[in-house]
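Chemist: One structure coming up, written as structure tokens, with questions to follow.
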Amino acid sequence: MSTYTVSGRFQSRDGFQPFTKDVEAENEDLARERIYTQVGSQHNRKRTQIEIEEVSAA
């Protein structure tokens, strides 16, 4: 598994909140899915409220 750095933003009450997270995954698509899962559960947001801007290998 590789480590990916994922950056983007999610919708909050005050507008959009930026984030950058490191996640271990087999490929970029799985890294995106894990971010949707993590950010969605931590901040109670749906996938449509999360915008992933960049996925890069760390």
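The values are calculated or read from the model by the stated rules, or taken from the named source; none is laboratory data. The structure presented is a predicted model; accordingly, all values stated were derived computationally and were not measured. Quick reminder, even Gly has a Cβ in these numbers, built from the backbone with ideal geometry, and neighbours come from all protein chains shown. Areas reflect the complete protein model, heavy atoms only, side chains present, ligands, DNA and RNA absent. Shrake-Rupley method; radii C 1.70, N 1.55, O 1.52, S 1.80 Å.
Chemist: Could you provide, to the nearest whole Å², the per residue accessible area of the chain with probe 1.4 Å?
Modeler: That works out to 70 Å² per residue.
Chemist: Can I ask one more? Compute the helix-to-body angle for 28-43: its Cα long axis versus the longest principal axis of the chain, expressed 0 to 90° and rounded to tens.
Modeler: Taking the Cα atoms of the chain, the angle to 28-43 is about 30 degrees.
Chemist: Report the FRET efficiency, 1/(1 + (r/R0)^6), for R13 and A58, where r is their Cβ-Cβ distance and R0 is 30 Å, rounded to 0.05.
Modeler: 0.45
Chemist: With semi-axes √(5λ) of the Cα gyration tensor in Å defined as stated, name the option among (1) 20, 11, 8; (2) 37, 10, 7; (3) 36, 17, 12 computed from the structure displayed.
Modeler: Of the listed options (1) 20, 11, 8; (2) 37, 10, 7; (3) 36, 17, 12, (1) comes from this structure.
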